[in-house]
Amino acid sequence: MVDVAAHVIANRLLSSDYNVLALAASAIAEAAAPGQFVMIKAGDGCDPLLRRPFSVFEILRGADRAPSGISILSKRIGVSTSRLYEARQGDRIACLGPLGRPFTVIDPPAEAWMIAGGVGLAPFATLAQSLRARAVKSTLFYGARRAGELFYLDFFRELGVDLVVTTEDGSLGERGRIVAPLERRLASRAPSSPLMLYACGPEGMLAATARTAMKYDRPCQVSVERIMGCGLGGCYSCVVPMRSEHGGFHHVRSCISGPVLTANEILWEWEVGVKG
Ligand SMILES: Cc1cc2nc3c(=O)[nH]c(=O)nc-3n(C[C@H](O)[C@H](O)[C@H](O)COP(=O)(O)OP(=O)(O)OC[C@H]3O[C@@H](n4cnc5c(N)ncnc54)[C@H](O)[C@@H]3O)c2cc1C
Ligand code: FES
């Protein structure tokens, strides 16, 4: 793990809320694995006081193919993400990482199905590249509110990833939520054909994906997005309830035990409701 004052190489605005920020951070790029994150401080002063977590989106490479930096896919929702949206080439951004437990990358003959909701696409660019390097057949299920919020489709197509997209307003792909086509495909797939699900997105989507994976008895790794104060295990702002033996539960800090966790080890809210 390293802490660098990374300079902004480029800031590509994708929409009125989404941008991709390229940062010169070769040491982080060399060490990062798919699913890991960085803690970023956007601005010099006390507002914001704390760093914010962001998935490593892409590993940037120089002409010699050596890792030279990382990019961040950011959605503007508050003070830090607004600063990242407005960042200019040459600005310095404090960047600590890589942090957290990455995805476990599978090998053939198992297939990989990645399920992304909105900005939850972020950890899947590097995961798709790792899967491709291992010749794992991959599908991306990608849901957003509207067509204008679906990004990097060609990037995934060029990696040979099959795409299934949904939009809530029906402007591209099937109308509705991404878990609907996921469930149909799971229902029609032979139980004997090995498969790993990987999911990242809003809490409700993760819970629905985990529930569907458990219904069809499929392994599922989820990248959870808790509010993180430190990213290093010190503040306990990021805890997630996990099952314990004999029906109890305990908490883990998702910044160090995650952000990637095994779906059926989490105690989901809907299960608490079911148990009553
Ligand atoms: C491991 C991890 C990886 C992440 N990767 C990305 C990424 O690649 N791209 C990206 O755009 N975002 C990502 N996020 C979410 C990102 O950290 C938050 O959007 C960011 O902290 C918001 O900071 P802000 O100062 O702009 O908003 P704030 O002003 O701090 O918050 C604005 C509003 O959003 C809520 N909020 C803040 N953080 C979260 C959160 N994690 N989950 C739900 N609500 C939240 C706040 O309660 C508040 O209501 C990730 C989060 C985690 C934990
Ligand atoms: S973010 Fe501080 S303990 Fe996890």
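The values are calculated or read from the model by the stated rules, or taken from the named source; none is laboratory data. Please read these numbers as outputs of a predicted model, since none were measured by experiment. Counting neighbours? That spans all protein chains shown, and the Cβs are built from the backbone with ideal geometry, glycine included. Surface accessibility is based on the protein's heavy atoms, side chains included, excluding ligands, DNA and RNA. Shrake-Rupley method; radii C 1.70, N 1.55, O 1.52, S 1.80 Å.
Points to keep in mind about this one:
- Filter pass, Cys220 being within 27 Å of Glu111 (Cα to Cα), open to solvent by less than 20 Å² (accessible area, probe 1.4 Å) and either of a type in the set (A, V, I, L, M, F, W, C) or within 14 Å of ligand 2 (Cβ to nearest atom) (or both): yes
- Unique residue being touching a strand residue (DSSP E or B) at 6+ places or on another chain (Cβ under 7 Å) and either more than 26 Å from Leu261 (Cα to Cα) or among the charged types (D, E, K, R) (or both) when the list is Ile9, Ile70, Ile28: Ile9
- Counting the residues of the stretch 223-233 that are of a type in the set (Gly, Ala, Ser), more than 29 Å from Pro194 (Cβ to Cβ) and surrounded by 15 or more Cβ atoms within 10 Å (Cβ to Cβ) gives 2.
- Verdict on Tyr236 being within 13 Å of Leu182 (Cα to Cα), modelled with pLDDT of 95 or more and surrounded by fewer than 23 Cβ atoms within 10 Å (Cβ to Cβ): no
- Residues (assigned to a helix (DSSP H, G or I), within 14 Å of ligand 1 (Cβ to nearest atom) and either out of contact with any Phe, Trp or Tyr (no Cβ under 8 Å at 6 or more places or on another chain) or closer than 23 Å to Ala190 by Cα (or both)) located in the stretch 85-129: Tyr85, Glu86, Gly118, Gly120
- The numbered conditions (1) of a type outside the set (Lys, Arg); (2) within 13 Å of ligand 1 (Cβ to nearest atom); (3) open to solvent by 20 Å² or more (accessible area, probe 1.4 Å) are all true for Ile70 except (3).
- Residue in the stretch 197-208 that is within 17 Å of the chain's Cα centre (by Cα) and within 16 Å of ligand 2 (Cβ to nearest atom) present: no
- Only a single criterion out of (1) open to solvent by 30 Å² or more (accessible area, probe 1.4 Å); (2) over 19 Å from the mean Cα position of the chain (by Cα) is not satisfied by Arg52, namely (2).
- Single condition Leu14 does not satisfy, out of (1) touching a Phe, Trp or Tyr at 6+ places or on another chain (Cβ under 8 Å); (2) open to solvent by less than 20 Å² (accessible area, probe 1.4 Å): (2)
- Some residue of the stretch 194-203 being open to solvent by 10 Å² or more (accessible area, probe 1.4 Å) and among the small types (Gly, Ala, Ser): no
- Of the residues Arg253, Arg243, the single one that is within 16 Å of ligand 2 (Cβ to nearest atom) and open to solvent by 40 Å² or more (accessible area, probe 1.4 Å) is Arg253.
- The residues on offer are Arg145, Arg132, and the sole one that is free of Cβ contacts under 8 Å to residues at least 60 places away in the same chain, surrounded by fewer than 24 Cβ atoms within 10 Å (Cβ to Cβ), more than 16 Å from ligand 2 (Cβ to nearest atom) and under 24 Å from Gly176 (Cβ atoms) is Arg145.
- Which numbered condition Asp154 fails, given (1) under 21 Å from Leu73 (Cβ atoms); (2) touching a Phe, Trp or Tyr at 6+ places or on another chain (Cβ under 9 Å); (3) not in a loop (DSSP other than H, G, I, E, B): (2)
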